[in-house]
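Okay, so here's the structure we're looking at.
The values are calculated or read from the model by the stated rules, or taken from the named source; none is laboratory data. A quick note: this is a predicted structure, and the numbers were derived from the prediction, not measured. Here the Cβ is made from the backbone with ideal geometry for all residues, glycine too, and neighbour counts use every protein chain on show. Keep in mind that these areas ignore ligands, DNA and RNA; they rest on the heavy atoms of the full protein, side chains included. Shrake-Rupley method; radii C 1.70, N 1.55, O 1.52, S 1.80 Å.
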Amino acid sequence: MILVAKRYTCPLKLSTVTATASLNLQHMEPAAATPLRRQLVDGRPPTALDAFKLARRKFQAGERVEIAALAHELSVNRATVYRWVGAREALLAEIIWSLTDPTLKLEYDRAPGTGGRRIAHALTRFIHDTLDHPGMHRFLDEEGEYAMRLLTSAQAGYQPRFIDAIQQILEQETAAGHLNLPVDLHDLAYVIVR
């Protein structure tokens, strides 16, 4: 018996060839798989998270992220991808933030010293990591003006989160007694980011 549409069962005899072929779907190249084959293997249609993960992989590989290409690879239309992720700018902001947050935390945790010295070291390493990243390198090199607008605009959603992350680092060092600054920490975080 096999389960059809997760509700109905019916007897079905599979030949050895058919059964073997269905098991080998998992070993097919993703680009060669049709939407039907992907759903047979994955058991579900693509989602917004699939679009994000695909776009992130492309960005990390140094490829340009385009909504139309994502839609094509996911076998959905562009309107669906736009509904899922918003405009290209919003998607890129999410991708870059998803890479920024753990990298910044890692470099802060690794940084030697305390206070300003630790923060400066962490941010210097973070900048090196960013500039060495293939996706950021391509993005800044080929789309420099657009990249700077995305990274420095409050509307894109990246900069406010980066400012908040820097403020949290400043607050941690202040709470630990390693910083005693006569300025508002949010204002200082803004200046550091800008």
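Remarks
- Any hit, segment 175-186, residues being within 19 Å of the chain's Cα centre (by Cα) and either basic (Lys, Arg) or crowded, with 17+ Cβ neighbours inside 10 Å (or both): no
- Complete set of residues in segment 148-168 that are assigned to a helix (DSSP H, G or I) and open to solvent by 80 Å² or more (accessible area, probe 1.4 Å): Met148, Arg149, Gln168
- Subset of segment 86-132 (residues that are small (Gly, Ala, Ser) and either touching a residue at least 12 places away in the same chain (Cβ under 8 Å) or in contact with a helix residue (DSSP H, G or I) (Cβ under 9 Å, 6 or more places away or on another chain) (or both)): Gly86, Ala87, Ala90, Ala93, Ser98, Ala111, Gly113, Gly115, Gly116, Ala122
- Qualifying positions in segment 133-142 - in contact (Cβ under 8 Å) with a residue 60 or more places away in the chain and surrounded by fewer than 16 Cβ atoms within 10 Å (Cβ to Cβ): Pro134, His137, Glu142
Matching residues to (1) under 30 Å from Ala175 (Cα atoms); (2) of a type in the set (S, T, N, Q); (3) open to solvent by 50 Å² or more (accessible area, probe 1.4 Å):
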site	(1), (2), (3)
Arg57	no, no, yes
Glu66	no, no, yes
His72	no, no, yes
Ala87	no, no, yes
Ala90	no, no, no
Trp97	yes, no, no
Gly116	yes, no, no
Ile119	yes, no, no
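- When each of Glu171, Glu145, Glu94, Glu107 is tested for being in contact with a Leu (Cβ under 7 Å, 6 or more places away or on another chain), assigned to a helix (DSSP H, G or I) and of a type outside the set (S, T, N, Q), the lone residue that passes is Glu171.
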